[in-house]
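Chemist: Sharing a structure with you now.
The values are calculated or read from the model by the stated rules, or taken from the named source; none is laboratory data. The shown structure was predicted, so the numbers you read here are calculated from the model rather than taken from an experiment. Cβ sites come from the backbone with ideal geometry, for glycine too, and all protein chains shown count toward neighbours.
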Amino acid sequence: MRRLLFSLLLLPFATVAQAHPLHGIAMHGEPALSADYTHFPYVMPDVKKGGKVNYGVVGTYDALNPFVLKGMRTTARGVWDPEFGNLLYEPLMTRSADEPFSLYGLLAESVEWDADRTYVQFNINPKARWHDGKPVTPEDVMFTFELLRDKGRPPFNGRLNAVAKMEKVGDHGIKFTFNEKANRETPLIFALSTPILPQHAIDPATFDQGGLAIPVGSGPYKIKELKPGEKVTWARDPDYWGKDIPSKVGFDNYDEISVTYFLQEATLFEAFKKGDIDIYPDGDANHWERAYDFPAVKNGDVVKEAFKPGLPSGMLGFVFNTRRPIFADVKLREAISTAFDFESMNKTLFGNAFTRTQSYWQNSMLGAFGNAADEKELALLGAAKDRLSPEILAGTYTQSATDGSGGDRKALAKAVKLFGEAGYKIEGGKMVDASGKPLSFEVMSKNEGQEKMAIAFQRSLKLIGIDMAIRTVDDAQYQARSNSFDYDMVIMSYTSSLSPGAEQVNRWGSESRDAQGSFNYAGVADPDIDRMIEALLQARDPADFQAAVRAYDRLLVAGHYVVPLYHIGEQWVARWKHIGRPETAPLYGYQRPTWFDARVQ
């Protein structure tokens, strides 16, 4: 009301600025590309389309709907897929991988908003079409948001919570007016992270039932063939409506994309060696160094490449499920973390190839590690700063290190001291609580690599009387138990971008703690963490944003929700030489949807 009265007072003296259509928007500042841009800077705009690519993944699939709980982790790759490309469904706008968080027109040819981002209006491109030739309409957008609210999984089902009014404007416009639950990132999330679905081709009553009926999309590919659980083949749509718009030039270059599923990583790699799979991303240092001695590498038919994206480290680690009473005490979590001998594992399993991760945004200006908290950050933290050690506030805190021997007595003594502070002691060779109950828990793993790391952890804990069991489960069981948080500890990877935003609520926010299918694997519900997420979402300038993310990073580290493992400063990829790529890679690293079949050039 106060804002409205102030605006009315100004009306006789000034002309109220009217919003005008924009070709692109950015979370902070302005998008780098002007309205007359012709393509993204990291593509080959004149690439000749044709040929094919064969991708391989570990797992299986039994659904074509990733937007409901039933298909969350078992949907065929490519349906809604930032790695392979959104082949079937599309968002209103698309991201430039060469900027922290800038979006450009896709289904929406332009967008309108005000300085306070109290609303956003997307103007649908009149050329946008579904695969059956029907136009994409504002009604489709409204249908999508309502359907996902009623039938979708987190976070899709919560989008309309931030909307006071959704309305059609003219023939092609769809306007969202936000309420107090929205933040400055909300318009960008609506633009990028919500698939637009065809109202005429979906039955709301059966939308959440899963199944393999081939859907109607608006994307550059159609499903050509399905072999349930084994393979999905995509064919490029020669009549794709968006092939000539600037944000899609240089993308979607293969006539055919196949995705084959394998039960084990080793089997997938053997298929790559034989040429059945064309591209193999590698995250194992030992494997990257030692496994590529087959003839195709030696004669140049297989190319190994390392890309260096300008991204923060992210966090890979053993995640405590704090919903379990055993892990509710932060002091116990710290003690268990301290007992982990990372140096021994790194030497034994990885030949000392990795660097231990110290924070969630390491190697960037957003990270707390190496950066002391300034006055702006301390003010944001408020009383929460009293929960943080002087080392965390100074940016000098590091995970406990060992001599790499596998039995460093000093490191173990430090851990035992922390266990004592948490109310545990060693009695009869077992770590027990005050009632004499032994400390024991289980780690759930999903593959051989995770199992090896868990065994290394198990070995460390056994030295001080802790019984850590390991259960390796198949992909379907792993996904089901992850969705329902049915584990004591699990190994997870959290990617970090240069523009963290609303996805953090789904990872660490209180509202996602009990939402099945959320990514809040640790079960965190902390008002101070919620405040920092809100602060980074509401930040208007880079300095405020940086302070909020750093403060948030410190709270996550201090909470000991994860036993940190390692990060790789590079992206390792091997490919058969007939798969070509643009000369330059963008800020976010290599982009597979811009690669092509060099045999047709």
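Chemist: List every residue pair whose Cβ atoms lie under 6 Å apart, where the two residues are 6 or more positions apart in sequence or sit on different chains, the first residue falls within the stretch 563-581 and is of a type in the set (Val, Ile, Thr) and at pLDDT 95 or above, and the second residue, located anywhere, is in a loop (DSSP other than H, G, I, E, B) and surrounded by 18 or more Cβ atoms within 10 Å (Cβ to Cβ).
Modeler: VAL563/PHE340; ILE579/ASP278; ILE579/TRP595
Chemist: Considering only the stretch 405-419, state which residues are crowded, with 17+ Cβ neighbours inside 10 Å and in a loop (DSSP other than H, G, I, E, B).
Modeler: The answer is ASP408, and nothing else.
Yes or no, residue by residue, for (1) part of a loop (DSSP other than H, G, I, E, B); (2) among the β-branched types (Val, Ile, Thr):
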| position | (1), (2) |
| --- | --- |
| PHE207 | no, no |
| ALA213 | yes, no |
| GLU225 | no, no |
| GLY229 | yes, no |
| VAL232 | no, yes |
| PRO238 | yes, no |
| GLY242 | yes, no |
| ASP252 | yes, no |
| PHE269 | no, no |
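Chemist: Further question: Name the residue, out of VAL111, VAL136, VAL120, that is in contact with a strand residue (DSSP E or B) (Cβ under 7 Å, 6 or more places away or on another chain), farther than 27 Å from GLY29 by Cβ and buried (at least 19 other Cβ atoms within 10 Å of the Cβ).
Modeler: VAL136
Chemist: Within the stretch 423-438, how many residues are within 17 Å of SER460 (Cβ to Cβ) and out of contact with any Gly (no Cβ under 8 Å at 6 or more places or on another chain)?
Modeler: Looking only at that region, the number is 1.
Chemist: Also, I was wondering about something else. Scan the stretch 168-189 and tell me whether some residue there is closer than 19 Å to ALA108 by Cα, of a type in the set (Lys, Arg), free of Cβ contacts under 8 Å to residues at least 60 places away in the same chain and surrounded by fewer than 17 Cβ atoms within 10 Å (Cβ to Cβ).
Modeler: Within the stretch 168-189, one or more residues are closer than 19 Å to ALA108 by Cα, of a type in the set (Lys, Arg), free of Cβ contacts under 8 Å to residues at least 60 places away in the same chain and surrounded by fewer than 17 Cβ atoms within 10 Å (Cβ to Cβ).
Chemist: Report yes if TYR240 is within 28 Å of ALA271 (Cα to Cα), at pLDDT 95 or above and among the hydroxyl-bearing types (Ser, Thr, Tyr), otherwise no.
Modeler: no
Chemist: Which one of these is in contact with a Pro (Cβ under 6 Å, 6 or more places away or on another chain) and in contact (Cβ under 8 Å) with a residue 40 or more places away in the chain: ALA97, ALA108?
Modeler: After ruling out the rest, the residue left standing is ALA97.
Chemist: If you don't mind, another one. Among all residue pairs at least 6 apart or on different chains, which show Cβ distances below 7 Å where the first residue, located in the stretch 338-363, is over 30 Å from SER499 (Cβ atoms) and the second is among the basic types (Lys, Arg)?
Modeler: These pairs meet every condition: THR338/LYS414; LEU349/LYS452.
Chemist: Can you tell me which residues in the stretch 226-262 are under 26 Å from ILE124 (Cα atoms), touching a strand residue (DSSP E or B) at 6+ places or on another chain (Cβ under 8 Å) and of a type in the set (Val, Ile, Thr)?
Modeler: ILE245 - this is the single residue of the stretch 226-262 that is under 26 Å from ILE124 (Cα atoms), touching a strand residue (DSSP E or B) at 6+ places or on another chain (Cβ under 8 Å) and of a type in the set (Val, Ile, Thr).
Chemist: In the stretch 383-404, which residues are touching a residue at least 12 places away in the same chain (Cβ under 8 Å), part of a helix (DSSP H, G or I) and of a type in the set (A, V, I, L, M)?
Modeler: ALA384, ILE392, LEU393, ALA394
Chemist: For the stretch 167-184, how many residues are within 28 Å of the chain's Cα centre (by Cα) and not in a loop (DSSP other than H, G, I, E, B)?
Modeler: 5
Chemist: Taking ARG117, is it out of contact with any Ser or Thr (no Cβ under 6 Å at 6 or more places or on another chain), in a loop (DSSP other than H, G, I, E, B) and either polar (S, T, N, Q) or over 30 Å from LYS224 (Cα atoms) (or both)?
Modeler: Criteria met by ARG117.
Chemist: Need the failing condition index for LEU148 against (1) part of a helix (DSSP H, G or I); (2) at positive phi, just the number.
Modeler: For LEU148, the exception is condition (2).
Chemist: Read through the list (1) touching a strand residue (DSSP E or B) at 6+ places or on another chain (Cβ under 7 Å); (2) under 21 Å from LYS243 (Cβ atoms); (3) outside any strand (DSSP E or B), then give the number of the only condition that TYR104 fails.
Modeler: The number of the failed condition is (3).
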